[in-house]
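The values are calculated or read from the model by the stated rules, or taken from the named source; none is laboratory data. What you see is a predicted model, and the numbers here were worked out from it, not measured in a lab. Here the Cβ positions follow ideal geometry from the backbone for every residue, glycine too, while neighbour counts run over all protein chains shown. The protein model used for the area step is the full one, side chains on, heavy atoms only, and it has no ligands, DNA or RNA in it. Shrake-Rupley method; radii C 1.70, N 1.55, O 1.52, S 1.80 Å.
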Amino acid sequence: MAHPTQLGFQDAASPVMEELLHFHDHALMIVFLISTLVLYIIIAMVSTKLTNKYILDSQEIEIVWTILPAVILVLIALPSLRILYLMDEINDPHLTIKAMGHQWYWSYEYTDYEDLGFDSYMIPTQDLTPGQFRLLETDHRMVVPMESPVRILVSAEDVLHSWAVPSLGVKMDAVPGRLNQTAFIASRPGVFYGQCSEICGANHSFMPIVVEAVPLEHFESWSSLMLEDA
């Protein structure tokens, strides 16, 4: 989870997020090299008193500064497109969960089970227990099995919302009347926090998302208990 003064992304908890982190580092290094080169050229041009008359009208240098940016754009575009298709691919999900956005809470429905669903409200500050995070904890977490493909169907009942969990590399808009889908694989057990990422009204910042990834046997025990309570 994020911490104060953090400059980078959260630690990756899914294969897609790991790819996104690698692409971020790759693109940032290219931007850093370009910025360094441009800054050096600007300083050199401003500080020198000499003029090279052959550079003022040079076909070769024009060819270089046309081809080089095109090559750099290709080096950025190819891995970007690869990750884009990886994020859009949903192959044989083991579990499907419908996340419905409301003003201002989320409701979850495990569509593979007959009567497994619940609303997820933020825990008020005065009700927090030691170790819980303010504005991020919910009374019911979305529990998923780790190392299993999970498909999320996202929609809304009233206004635009957005279901986002940064450490899992997931962000999908919840649009009233439309069913969007995304998927993720939690590569390790843990509790991953997110928030609605669309300005949906006065309490926009008070509808957090908590995903808890557990081993498969623990998930089966949890689902059995939830079905018994229902």
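Determine if region 84-91 includes at least one residue that is without any contact (Cβ under 8 Å) to a residue 40 or more places away in the chain and farther than 24 Å from W163 by Cα. Within region 84-91, not a single residue is without any contact (Cβ under 8 Å) to a residue 40 or more places away in the chain and farther than 24 Å from W163 by Cα. Of all residues in region 99-133, those that are within 21 Å of H161 (Cβ to Cβ) and either outside any strand (DSSP E or B) or touching a Gly at 6+ places or on another chain (Cβ under 8 Å) (or both) total 11.
Looking only at residues in region 41-51 that are in a loop (DSSP other than H, G, I, E, B) and not aliphatic (A, V, I, L, M), the one that is modelled with the lowest pLDDT is T51. Working only within region 212-230, note down all residues that are closer than 21 Å to G194 by Cβ and either without any contact (Cβ under 8 Å) to a residue 40 or more places away in the chain or touching a Gly at 6+ places or on another chain (Cβ under 7 Å) (or both). Across region 212-230, the qualifying residue is only A213. Of all residues in region 137-159, those that are assigned to a strand (DSSP E or B) and among the polar types (S, T, N, Q) total 2. Within region 146-165, being more than 17 Å from E109 (Cβ to Cβ) and in contact with a Phe, Trp or Tyr (Cβ under 7 Å, 6 or more places away or on another chain) holds for one residue alone: V165. On inspection, Y54 does not qualify as part of a helix (DSSP H, G or I), aromatic (F, W, Y) and outside the structural domain of V165 (by the TED database). Within region 180-204, the set of residues being farther than 19 Å from Q10 by Cα and open to solvent by less than 80 Å² (accessible area, probe 1.4 Å) comprises N180, T182, E198, C200, G201, N203, H204. Considering S205, S197, S162, S224, the condition of being touching a Cys at 6+ places or on another chain (Cβ under 9 Å) and not in a strand (DSSP E or B) is satisfied by S205 alone.
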